[in-house]
1. For region 106-217, what is the Kirkwood estimate of the hydrodynamic radius, computed as the reciprocal of the mean inverse distance between distinct Cα atoms, to one decimal in Å?
2. Based on alpha-carbon centroids, what's the gap between region 94-122 and region 59-73 in Å, whole number please?
3. Only Cα pairs within less than 10 Å get springs; with that Gaussian network setup on the chain, which residue of Glu223, Glu23, Glu79 has the largest fluctuation?
4. In a shell of Cβ-Cβ distance under 13 Å around Met105, excluding Met105 itself, what net charge do Lys and Arg (+1) and Asp and Glu (-1) give?
5. Which value, to two decimals, describes the C-alpha radius of gyration of region 9-133 once divided by 2.2 N^0.38 Å?
6. When the scattering of the chain is computed by the Debye formula from its Cα atoms alone, each counted once and equally, what is log10 I(q)/I(0) at q = 0.07, 0.11, 0.12, 0.15 Å⁻¹?
7. Using only the alpha carbons, work out the radius of gyration and Dmax of region 74-152 in angstrom.
8. Assign one of three labels to region 182-263, namely rounded, prolate or oblate, based on the Cα gyration tensor with a ≥ b ≥ c the square roots of its eigenvalues; rounded applies when a/c is under 1.5, prolate when it is not and a/b is larger than b/c, and oblate otherwise.
Amino acid sequence: MRHVLDVGDLSPAELGALLDLAERPDPPRVLAGRGVALIFEKPSNRTRNAAEMAVVALGGHPIAIRGEEIGLGVRESPEDVVRVLARYHALVGARVADHSVLEAMARTGALPVVNLLSDLAHPTQAIADLLTLRRHWGSLAGRSLAWVGDGNNVARSLVIAAAMTGVEVRLASPAGYRLDGAVVDAARGLGGTVIEADRPADAVAGADAVATDVWVSMGQEAESAARMEAFAGYRVDAAMMRGAAAGAGFLHCLPAHRGVEVDAEVIDGPASLVWEQAGNRLPALRSLFEWLLGGQPCA
Ligand code: CP
Ligand code: NVA
């Protein structure tokens, strides 16, 4: 049984296969007559809707559950929750505050577990982001992507995914908010080129795409004031984008804050890929679910 708690749970070949599967127009109904439980401890627009519709596209029935509805970790342990859900469902996806909850769920071996965002990682976002870049560029290997902003959960998964697909990553984050050195080492261990830049302009110079994310992730609200101060100078604006390669795309996983981490003229301008990116969450999740279930109709 396979789980996807981060992109590193896939091999580079498997990630490539998922991207190809996502392009298939006619997905098999591998979930016919089966359910998928989608647990959310935090708010979600894209992930919940894309995951539900991915399950529908595979012939299954999604059930989205708020963490507090089932008292995840309060009324019942995460392990017992998934042991029970396995009696009704083929797979569980979960968005959790603490990554270790996903690990506990996966350790039961009760059913495949997919990370729908944790404090550490957002693998299904990274798969959609690579799909978006591949569609924009035509191919991935040899291209470059600048990450400007927080070295957060989204950055972590994207850097690993980029390394697996031959996309060079340039990182620019303020001191104290850089991507964990172990993640950078892991990306390099996969053969990836990861450049840690001193300034956003250095990371963006000549890059084929520029990506950012919120400066305050869900659960970090108490740090807002300190983060706003630390990230001053990291807003992706038109001047910064002019330093990138001609035709460079702009990525943001959304939700976005115009005038904070990105200016409106960038996110609403011609470089922006964010709506395609949001749309690509659906084929990315669909291909992942299909692959995890073996691509065969369930009995
Ligand atoms: N990008 C993303 O995961 O969006 P949601 O939080 O709305 O699911
Ligand atoms: N880094 C953000 C991503 C939201 C999709 C967060 O964790 O809140």
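Just so it is clear, none of the values below were taken in a lab; they were calculated from the coordinates. All values reported here derive from a predicted model rather than from experimental measurement. Note that each Cβ is placed from the backbone with ideal geometry, even for glycine, and that neighbours are counted across all protein chains shown.
1. 14.3 Å is the Kirkwood radius here.
2. A separation of 14 Å, based on Cα centres.
3. Fluctuation is largest for Glu223.
4. Here the count lands on -3.
5. Numbers: Rg = 14.4 Å, N = 125, 2.2 N^0.38 = 13.8 Å.
Scaled against compact globular proteins, the figure is 1.04.
6. -0.25, -0.62, -0.74, -1.14
7. Both quantities, over Cα of region 74-152: 16.4, 49 Å.
8. Because a/c hits 1.5 or more and a/b fails to exceed b/c, region 182-263 counts as oblate.
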